[in-house]
Structures are given as structure tokens and as C-alpha cells.
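So the structure is just underneath, and the comments pick up after that.
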Amino acid sequence: MADDFDPFVERALAEGAAEAVLRPLFGDALYRELSELARTEPPNPALLEGGTGRTVLILPGIMGSKLALERNGRRDAVWIDPFDLIAGGIRKLRMDQPGRILPTGVVLFAYLKMKMRLRRAGFRARFAPYDWRRDPAQAGAALIAAIRRQRLSNVALVAHSMGGLVARQAAALDPDAHLIGDVVTVGTPNRGSYSPVEVFRLTHGLIAKLDALDLRHDAREIVSDVVRHFPSLVQMMPDRTARPDEDWFTEAGWPRGGAVPVCATLDAARRAAAALPPPDERFRQIVGIGQNTILSARGDGDRIVYTRGTDGDGTVPRDLAEMDMRTGPVPRYYVAGVHGGLMNRNDVIAAVTELLSDGTTTALPAHVPVLRESGAPVASAPDWTTPPHDLPAGGVLTPRDLLRGFLEGLPEDQADDAALHEAAQVPPETPVEGYNPADVAAAADRWDRLEAWRETVARNVAQGNPIAAETPERVDLYVDGLMRQVDDLLPEREAAMPDILRRAVVDFVDRPEEAAADIARSPLPLERVIGAAEEFLSVSFVKRAGVAIRSVGRILIQGDHLASGTGFLVAPGILMTNHHVLPTAAAAKRASVEFDYELDATRRAMVSQVFDLEPDRFFVANAELDYALITVAPHSQDGAAIEPFGYLPLIEGEGKARIGGPVNIVQHPRGERKQIVFRNSTLIALPADIPTIADADHVAVYTGDTRRGSSGSPVFNDRWEVVALHHAAVPDRDARNRYVTRFDTPWDRAADPHMSTIRWVANEGIRVSRLVAHIRATSKRKKAAGSQARACFAAVLAGRPPRGDVHTP
């Protein structure tokens, strides 16, 4: 297993040396980015590369590995050496060529960025080139042998295009997952692609460029004598099980002309493709969409007519990329991007980083994004009627020009903002959900100022006296809340709670251990009420939870491959989430909310319902308190009504939770199915009660786990009243106020723009009492609003419904 990473290249990038050579190779934008990564290497890179980080092997796609011919003790670089190719050196890659073909490295401008970013995230990233001409099974066996030879274990594979097929073969040789722990494939043609068909018909852009470069052979000779004998290329034709009306693995399935593979090669490829091992639970896949892609083909006399559409990455149709385990679909994520440029995209790199760290990601959606104008498939011009395409002006080819033939339109400047957004027809200003950097910085400052208070709370909780951290006024408010709770549980014929029971409850709050002992010794029959209340509270807690969680859904941004969050209904047909998730009415107009995206009691997926948002009817948002209110369509896209999902009223009064007490968070972390932090999160502080941080009286600070995608989640007390709107995580910082990663290294913004490696120490939400006060003030300022807006304000401000905290029809 060769590791091509040439120390000279990284050193040159860091020092600005050899710019005249490297800048044309990488392109301006990628050169600038790689130079910055090289110059800002962490102060102790040995910590990241010296074995403490997990080994990640990057497998390139077909033609992404450099190949050299070794003969008589000499090594002759062939792919990709433009001078050798000009002289007809392509014939050195013939399968029957004397000598030995060795993989010597990878095409750096296609894969170096992924490697450097993974290294900056704490992984020991390396390249794993292979002989891409051969059967992927051979390359997979060679990879396993190299892993064993180097005594590696729990290796992660990140595989582009054909590299994913090699990874499948290698993983099958390690069924116990001792050597290979995780596999992430990107743009892999698991069931084939039409690029080999184009190659054999002499119409692929790569063949046109080789034809222009090679002074000794024309396109037909290159394909007939060399390329059509590559087992790998023949195996990657569309699978007949996926395209039953097409048969590319028999000579009879081809029209005349071109350079069809010979019968023996076709037969071997058909058997090999059928024997491709299925993936298993170690696999995750990233699938490209939104590009002009050949989706199907049919013979028409001597021609092939292709049907094109945007349901693919320009090389691999989406359905031919998607793969299944024996037990069901492989977890998959989608990106609107070009096949050859996928490994250089920042969002793909962020997704790979999260998948290797956590097994899942919110950097990319787990559903196919709705492209604004995906376009219906159309029949393109048949082959043989147009000349080979993509020749550069004047016919002058550089190595980078040549490689663009198989990279299928890699953006010239690697601009995975404007250029790729334009390809997906998504406005560049579309908001990206995640951790709002400004909120994170403010939360970190508040956390530092809370240090003395946090220590006091922790000490009181450890001593069994958390109430000592509360003010007397808040204790009274909290006890009043308990009284209301027990009132709800008493038989309706009892008009009020007996004083002795009230005193018992107050004592239970002030001195819980002593009060419990007193109650146990009491001869009064009312002791049974206390005991019953405790039991009823437990049952009520679970029942209320089942009702409350129905009102929580995940936010989907149509057409945006990055954005998602959580939201919840706070009045009939009115949703609340964070301002940084849906900052404008225009953003909300592109969004929807999905309810019941969760598992039922038997762990089966429920049938979810997606409702469009309708900000034209009602939309209010505030950046400082980080909230947004939006009306929801009365019926889902499948016709279900919104009413059965109820709502969680916003209660303005304080005292709904106590310092040191548990809070519960219902959320869609990373866009996954609904999850809950269940009584395993503690309210740490309400800064309004702390003079040194009274300027932050709108926040509540609590522990518990959240992820990107949890923004906009409701935070509950044990009565399932909403006490806060979750909006930010609190990052750990070092003595120099730098964010710290899970690897105890300073966080690098360039390498980890989605903050996926940061170590988080707490969470912060906006207090409901402050939200209601702001909404009330806003409603008064907007007296001139239409009757519909006034009705929406009134519904949100209505507060607690009778006898219960969760409204259900």
C-alpha cells in the first residue's frame, strides 16, 4: 500500500515554493486553500499523526491512482505522464504488457484536500492507491493484505467512485470487522454507470482528450487495443437487474460500431458484477445528484440514444449509486455536486468527518433534496452524430486538462459555493443550520462568567440540597407549580389541597430526605395521597411525554443540501424554531416540517407527515432571542390534518424548573429520527439570578446531549411544560480562549467549518418567559397587522390550556 503524499508538495504549499507548478495543477482557489491548510498546521502535528488518531485510508476512483510500469528493475511512470502519453505510452497499460504495473500514488488535486482536512480533524489519513485497471476483487485483496502487513486494525476507508467497489471487496474479506471498522463511499457506481458505454462507443470526453494527446494512436486504437480489456471498466457498466431492458454484458446487446469488449471479457465481467459482495453495517454512502446525467439508454439501429436528467452526479445515476445491505438500505446522504469534484467539497468533507466520528452526519441530508427545477429526463442526441466533446481551445492539453476527462467537469476553481449552488439551483444565501458562530461565542463567554456559580450549584447538588442554589422567590414559584401538578392528580371532587399535604410538599422541596422519612412515619391517611401522587406523577410523566413529543418535528429546507433543524407547534398550526434555522420568510417559504419521523414502540419506522410552511400568513422572527414563528399548512403533502399533532403552549410565568433539577429535550439531532434526552440533563443556571451575568437573563444553561440539527428543540420540565427553546451549544475553551476539540487540540475553522470536532460542555436555551414577553411586546407594536396575524399572536399568547400542559384535541 503506497502512500503518495509527497512531503515536498505539502512543504512547498506551506512555504509558497514551486507556485508556478502547483498553482496551475490545483487551480487558483484550491491552491489558496491547500496553502492555507499547510501554513496553519497544528503546533503539534505529531499528536495527530503519531498513532493517537485513527487510521483513515483514502481510496481514489478509477484513473485516480498513478500507475508506473516496473520492468528490468526500472520504474517508468505512465499514468499520468503526459510526455509518455504523447509518445503512445498508453499501450504500456495493456493487460498483457510485460512487466509489472504498480500504483505509486494518487492524483493530488482530486484528493489532497480531503486528506489534509481529515488530518486536521485528528485522523491519521493516508492514500491507498491501487491498480484501477483490474478487477476490484483483486484490488480489495491487495488492500487487505497491505493492512495486515502493516499490522493495522479498525481502519476506516473513505472511497471515491470505483474505490467504493474495492472497499466492498476488502470488507468482505474481513467479516469480523477487525481490520476495517468503517467505510464511507462517495459517488460509487454500485450498480454501474454509462461512462463505460460512452468509452466503448468512443464518445466519452476522456477518449477525445487521449486521442488529441496521443500522436501514435487514434481513439479507436486506444479503446480497442488497451481500454476495452480493463476488467474494472467493463464491470462498471449498468447492471441488468437495475436496467432490465438493457443488456451491456453480451455482444448482442450492442449496436455495430465502437469498440465493444470481447465476449470473454464480457462474460467474466458479468460474473464478477453478480458476485460483488453486499455491504454491511460498517458502510455509509454519499450520493451525488443534481447534474446532467445519462439515466438510461436504448439501441436505435446502429446508434445508442441516451436519456438524460438531473437525478445523478453527472457520471453515476442516483439509483445506480444507492446500495442495500442484506437487512435493508445502507445509510445514505445526498449532495448536489459533480462526480469528480465530490471529494473536494467542503460539505462532503464535513460529512465524512462526522460519519467517521459519530456514524452519522447532518452536513448532508439523509433524504433526496428537492431541487427547484430538476427537469424531466430528455433524450439526448444519439452517439455517432456528434464529435467527441470537451476538447480545450487549440487542442493544447495539460495533465490537469486530461484528468478533467474522467473527473467529469471538476469546477475550475473548486468553487463549491457559487458554482455548485448554481448547479443545484439553490440560492447561495440559503441559510445553513448548525451552530450559529455568534451564538456559540456568546454562550462561551456566558459560561466562563458562570464558573463560580456553576461550582456552587454542583456543590449543593452533590450535598443533596440543590434548592440552596435558588432564590426564595423562585422556590415559591416552583412550589406553586408542584401544587398545580398535584391538584391535577387529586379527585375532581376535592376543591383544594389540604394544608397538611401542602406543608408536606413544601417540606419535600425544602428538606427532601427528612420529609420523606416524616411521611413514611405519619399515621395520617393523607400519607397515601403523597405516595399515590408520586406514583401517579410517574405514570403521568410518561403519558404526557407521549402527547408532547407528537408536537415536535424536524425542519427540512427544500433544495438545500445542508439545512435542517427541529421545531415544535406552540399553538394550533403555528411552529416555533430558531431564527438561525429560518431567519427570513423567504427561507421559511422553502421549508417544511416533518412530524412522526420516529420509531414506534416496536422499533418500526412510523409513517411521517410533511407539512409545508406558509410564512405569507404569519412569520415573526428575532435574532437576539433566536426564535422564529411560522404558520404551518393545514394539511400535509399526503393530506393529513395538522390538528392531531397538538401543540405545546408557551407559559409566561417563571418557576417552571429549578436549578439542579432535570430538564428533558426532544430533538432531531443531525436530522435523525426523533430522540429524547430523558431526565439526564440538569438545569445549571438562570443568569437573571446572578448579578455578574444579569445581562444574559434571557438564557437558561443546562447539561445533556444535543447535536447539529437539535437547534429549535423544546426543553421541558417534568410536567412537560416548555421551559426553553434550545438554540446553542457551549464549547470548551483553553486558556487562550481558543475552542478545543475532542482531541485536545485547538479547533481549526478551515478544517472543520461545521464545528463537528469541538468538545461541547453544556447547552443554552432561550427562556420561555422571555420569549412570551417579547412576542407580547411585538404583537402590541404590530397593532396594524391584519386580522389573521392578530389571531396568530393571540393563539401563541393564549398560554396554558385547561387542566394540562400539553394540548391535544
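Note on region 185-225: among residues that are β-branched (Val, Ile, Thr), open to solvent by less than 10 Å² (accessible area, probe 1.4 Å) and in contact (Cβ under 8 Å) with a residue 60 or more places away in the chain, the one that is farthest from SER357 (Cα to Cα) is ILE222.
Inspection of region 341-359 identifies at least one residue that is modelled with pLDDT of 55 or more, surrounded by 24 or more Cβ atoms within 10 Å (Cβ to Cβ) and more than 17 Å from the chain's Cα centre (by Cα). Those residues that are in contact (Cβ under 8 Å) with a residue 40 or more places away in the chain, open to solvent by 20 Å² or more (accessible area, probe 1.4 Å), under 13 Å from VAL197 (Cα atoms) and assigned to a loop (DSSP other than H, G, I, E, B), I need them from region 240-254; list them, please. Hit for region 240-254 is TRP254, nothing else. Take ALA633 and decide whether it is surrounded by 21 or more Cβ atoms within 10 Å (Cβ to Cβ) and in contact (Cβ under 8 Å) with a residue 12 or more places away in the chain. No: the conditions fail for ALA633. Taken as a whole, the condition of being part of a helix (DSSP H, G or I), open to solvent by 20 Å² or more (accessible area, probe 1.4 Å), out of contact with any Pro (no Cβ under 8 Å at 6 or more places or on another chain) and not β-branched (Val, Ile, Thr) applies to ARG270. Quick check on region 317-329. Is at least one of its residues in a strand (DSSP E or B) and modelled with pLDDT of 95 or more? Taking every residue of region 317-329 in turn, at least one turns out to be in a strand (DSSP E or B) and modelled with pLDDT of 95 or more. Note on region 61-99: among residues that are of a type in the set (Val, Ile, Thr) and at pLDDT below 85, the one that is farthest from THR265 (Cα to Cα) is ILE86.
Which number in (1) surrounded by fewer than 23 Cβ atoms within 10 Å (Cβ to Cβ); (2) over 21 Å from ASP84 (Cβ atoms); (3) under 36 Å from the mean Cα position of the chain (by Cα) marks the one condition that MET237 misses? Looking at each condition in turn, MET237 falls short on (1).
Of all residues in region 662-678, those that are farther than 13 Å from THR362 by Cα have Cβ atoms under 6 Å from Cβ atoms of residues that are basic (Lys, Arg), 6 or more apart or on another chain, in PRO662/ARG679. Does region 190-197 include one or more residues that are in a loop (DSSP other than H, G, I, E, B) and touching a Leu at 6+ places or on another chain (Cβ under 6 Å)? Scanning region 190-197 turns up at least one residue that is in a loop (DSSP other than H, G, I, E, B) and touching a Leu at 6+ places or on another chain (Cβ under 6 Å).
Does GLY314 meet the test of being at pLDDT 90 or above and assigned to a loop (DSSP other than H, G, I, E, B)? Yes: the conditions hold for GLY314.
A search for C-beta distances below 6 Å between a residue of region 259-272 that is more than 21 Å from LEU202 (Cα to Cα) and any residue that is part of a helix (DSSP H, G or I) and open to solvent by 20 Å² or more (accessible area, probe 1.4 Å), counting only pairs 6+ apart in sequence or on different chains, returns ALA272/GLN235. With respect to the conditions (1) in a strand (DSSP E or B); (2) at pLDDT below 95; (3) farther than 27 Å from PRO255 by Cβ, ARG308 lacks only one, and its number is (3). Listed by first and then second residue, the pairs with beta-carbon distance under 7 Å, at least 6 apart or on different chains, first residue in region 161-184 and without any contact (Cβ under 8 Å) to a residue 40 or more places away in the chain, second part of a helix (DSSP H, G or I) and open to solvent by 30 Å² or more (accessible area, probe 1.4 Å), are LEU173/ALA141; LEU179/ARG148. Suppose the filter is on the phi < 0 side of the Ramachandran plot, of a type in the set (Asp, Glu) and within 40 Å of the chain's Cα centre (by Cα); does GLU246 pass it? So GLU246 passes the test.
For ARG151, the conditions (1) more than 19 Å from VAL78 (Cβ to Cβ); (2) of a type in the set (D, E, K, R); (3) in contact with a Leu (Cβ under 8 Å, 6 or more places away or on another chain) are fulfilled apart from (3).
Taking region 647-675 as the range and being open to solvent by 10 Å² or more (accessible area, probe 1.4 Å), closer than 30 Å to PRO369 by Cβ and assigned to a loop (DSSP other than H, G, I, E, B) as the test, the residues that pass are GLU672, ARG673, LYS674. When the residues of region 563-578 are filtered to those that are crowded, with 23+ Cβ neighbours inside 10 Å and not in a strand (DSSP E or B), the one that is nearest to the chain's Cα centre (by Cα) is ALA563. For region 588-598, residues that are surrounded by fewer than 24 Cβ atoms within 10 Å (Cβ to Cβ) and of a type in the set (Gly, Ala, Ser) total 1.
Considering region 613-650, and only residues there that are touching an Asp or Glu at 6+ places or on another chain (Cβ under 8 Å) and of a type in the set (S, T, N, Q), the residue that is modelled with the lowest pLDDT turns out to be GLN637. Considering the conditions (1) in contact (Cβ under 8 Å) with a residue 12 or more places away in the chain; (2) open to solvent by 50 Å² or more (accessible area, probe 1.4 Å); (3) closer than 30 Å to GLY328 by Cβ; (4) within 26 Å of the chain's Cα centre (by Cα), VAL607 is excluded by exactly one of them, (1).
The values are calculated or read from the model by the stated rules, or taken from the named source; none is laboratory data. Bear in mind the structure is a predicted one, so any value in this text is a computation, not a measurement. Neighbour counts run over all protein chains shown; Cβ positions are idealised from the backbone, glycine included. These accessible areas exclude ligands, DNA and RNA; they are computed on the full protein's heavy atoms, side chains included. Shrake-Rupley method; radii C 1.70, N 1.55, O 1.52, S 1.80 Å.
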